[in-house]
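The values are calculated or read from the model by the stated rules, or taken from the named source; none is laboratory data. All values reported here derive from a predicted model rather than from experimental measurement. For neighbour counting, all protein chains shown are included, and Cβ atoms are generated from backbone atoms with ideal geometry for every residue, glycine included.
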Amino acid sequence: MVRDIGLAEELAHDALVTALERWPEDGVPDNPAAWLMKTARHRAIDRLRKRKLHERSEGELTFEIEAQLMSVAPDVEAEVAAALDPHIGDDMLRLVFTACHPVVSPEGRVALTLRLLGGLTTDEIARAFLVPEATIAQRIVRAKRTLAAARVPFEVPDADQLEVRLSSVLEVIYLVFNEGYSATAGSDWMRPQLIEEALRLGRVVAELTPHEAEVHGLVALMEIQASRVGARTGPRGEPILLLDQNRAQWDRLLIHRGLVALARAEALSALHGGLGPYALQAAIAAHHARAVTSEDTDWAGIAALYDALAQVAPSPVVELNRAVAVSMAFGPAAGLEVVDRLVAEAQLKNYHLLPSVRGDLLAKLNRADEAQSEFQRAASLTRNTRERELLLKRAAALR
């Protein structure tokens, strides 16, 4: 209604605070969502009136603002009902596409959407991007200002605009999933609600764009990875690494859904020249899902897929993951050779998984002192309590 995400955010907060003050005394209304919508809308009218009061009489202004907002949402009850519809009219999906509008820089789109929809802090987003926190804060502020200046509508784009904004949407969804799958900070290794939200968004986008191979590739990747959630932690919440997990605890339904989505992605990719980055990562995850035990894993096949991924979407993080696959397929010395070439990468300077992987390979090569030092450095870099405990435990075992 106000065409300003920053202002909308403030109005929503105001409405929620008002609800927290009134509902304990007055009781929860029959339609809480409509109550919140009306309250926020009244706050919007007050804000707009104060902003423009010096331009004309208050009576004229109030009539104009009311008419403007009513033209957008003449029936608040119907607007709320539409917003709560679980199909393509989903409020959250519209907000994803709004935040990912082409007028905003690609970096700003992702940062803003993670902040608005994923509930991630600026620090968590910065660590996901491996950039300073101040950089992310500036991106979010600039993105909000740009959207407000352009008065971007709150909507899912038409088909001819969809492809332009789809890659940013997919990136956002996967980063939300990753934060849920391996939490940046805090005392829990995972945030299941973020995993579920990313899966829900991915499935909705797949319904909206059934002929886009990479959408199905991303859904396949998330479904297969999410299948391991029940086996990734022990009884006290401690992390259990992939090769040590009880595969009987993997969710076979999610694996099945992931493999079906991967098959769709592969069929569509065959028409357009090969698998994209998400489909390739899904194919890697499928190798793990199909292996009955960790010993049955086709590491040579996984290494080949990482080779292809490094060609399609080269990055230091992809190369680090490729090093792990190479070490499993061809020995720790071969993997360490790849990792050592990444040590000087500025982008991985504070990335805890680089010394973690290097420590693991050094330990396998019986270079215990060096491995211990790497695990300790990795522990000092991670902000997740569970992960730090695991790394320190591995370092202590090498003494």
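Could you please let me know if Leu320 is under 27 Å from the mean Cα position of the chain (by Cα), part of a helix (DSSP H, G or I), modelled with pLDDT of 95 or more and closer than 21 Å to Thr233 by Cβ?
So Leu320 does not fit the description; no.
Could we say that His216 is within 21 Å of the chain's Cα centre (by Cα) and closer than 30 Å to Leu93 by Cα here?
Yes; evaluated as a whole, the condition is true for this residue.
If you go through the stretch 109-139, how many residues are under 18 Å from Tyr181 (Cβ atoms) and either touching a strand residue (DSSP E or B) at 6+ places or on another chain (Cβ under 6 Å) or of a type in the set (S, T, N, Q) (or both)?
Counting residues in the stretch 109-139 that are under 18 Å from Tyr181 (Cβ atoms) and either touching a strand residue (DSSP E or B) at 6+ places or on another chain (Cβ under 6 Å) or of a type in the set (S, T, N, Q) (or both) gives 2.
Hey, can you tell me all the residues within the stretch 333-361 that are free of Cβ contacts under 8 Å to residues at least 24 places away in the same chain and of a type in the set (S, T, N, Q)?
Selection gives nothing.
Here is a yes/no grid of residues against (1) buried (at least 22 other Cβ atoms within 10 Å of the Cβ); (2) at pLDDT 95 or above; (3) not in a loop (DSSP other than H, G, I, E, B):
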position: Gly202; (1), (2), (3): yes, no, yes
position: Met222; (1), (2), (3): yes, yes, yes
position: Gly230; (1), (2), (3): no, yes, yes
position: Arg257; (1), (2), (3): no, yes, yes
position: Gly274; (1), (2), (3): no, no, no
position: Tyr278; (1), (2), (3): yes, yes, yes
position: Gln281; (1), (2), (3): yes, yes, yes
position: His287; (1), (2), (3): no, yes, yes
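Residues Leu11, Leu16, Leu36, Leu7: which one is over 26 Å from the mean Cα position of the chain (by Cα) and either assigned to a helix (DSSP H, G or I) or over 19 Å from Ala148 (Cβ atoms) (or both)?
That would be Leu36, the only listed residue that is over 26 Å from the mean Cα position of the chain (by Cα) and either assigned to a helix (DSSP H, G or I) or over 19 Å from Ala148 (Cβ atoms) (or both).
Just one of the numbered conditions (1) at positive phi; (2) surrounded by 15 or more Cβ atoms within 10 Å (Cβ to Cβ) is not true of Leu166; which one?
Answer for Leu166: the failing condition is (1).
Hey, Asp85 hits all of (1) outside any helix (DSSP H, G or I); (2) at pLDDT 85 or above but one; which does it fall short on?
Just one mismatch for Asp85, condition (2).
Being in contact with a Gly (Cβ under 9 Å, 6 or more places away or on another chain), more than 28 Å from Val215 (Cα to Cα) and small (Gly, Ala, Ser) narrows it down to one residue among Ala261, Ala329, Ala325; which is it?
Going through Ala261, Ala329, Ala325 in turn, just one is in contact with a Gly (Cβ under 9 Å, 6 or more places away or on another chain), more than 28 Å from Val215 (Cα to Cα) and small (Gly, Ala, Ser): Ala329.
Residue-by-condition table, conditions (1) under 27 Å from Pro132 (Cβ atoms); (2) not aliphatic (A, V, I, L, M):
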site: Ser315; (1), (2): yes, yes
site: Asn321; (1), (2): yes, yes
site: Leu336; (1), (2): no, no
site: Glu370; (1), (2): no, yes
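Which one of these is out of contact with any Leu (no Cβ under 7 Å at 6 or more places or on another chain) and over 28 Å from Glu266 (Cα atoms): Glu155, Glu163, Glu197, Glu171?
Glu155
Can you name the residue in the stretch 350-378 that is in contact with a Pro (Cβ under 9 Å, 6 or more places away or on another chain) and among the aliphatic types (A, V, I, L, M) and, of all such residues, is farthest from Arg232 (Cα to Cα)?
Residue satisfying both the conditions and the ranking: Leu365.
Tyr351 passes all but one of (1) part of a helix (DSSP H, G or I); (2) within 23 Å of the chain's Cα centre (by Cα); which number fails?
That leaves (1) as the condition not met.
When you check Arg264 against the structure, is it surrounded by 17 or more Cβ atoms within 10 Å (Cβ to Cβ), within 21 Å of Val176 (Cα to Cα), of a type in the set (D, E, K, R) and in contact (Cβ under 8 Å) with a residue 12 or more places away in the chain, yes or no?
no
So, in the stretch 336-353, of the ones that are out of contact with any helix residue (DSSP H, G or I) (no Cβ under 7 Å at 6 or more places or on another chain) and among the aliphatic types (A, V, I, L, M), which residue ends up surrounded by the most Cβ atoms within 10 Å (Cβ to Cβ)?
Val343
What are the residues in the stretch 354-373 that are over 13 Å from Arg399 (Cα atoms) and surrounded by 18 or more Cβ atoms within 10 Å (Cβ to Cβ), if any?
The answer is Leu354, Pro355, Ser356, Val357, Arg358, Gly359, Asp360, Leu361, Leu362.
Sort through Arg388, Arg367, Arg377, Arg399 and tell me the only one that's out of contact with any Phe, Trp or Tyr (no Cβ under 9 Å at 6 or more places or on another chain) and at pLDDT below 95.
Just a single option satisfies the conditions, and that option is Arg399.
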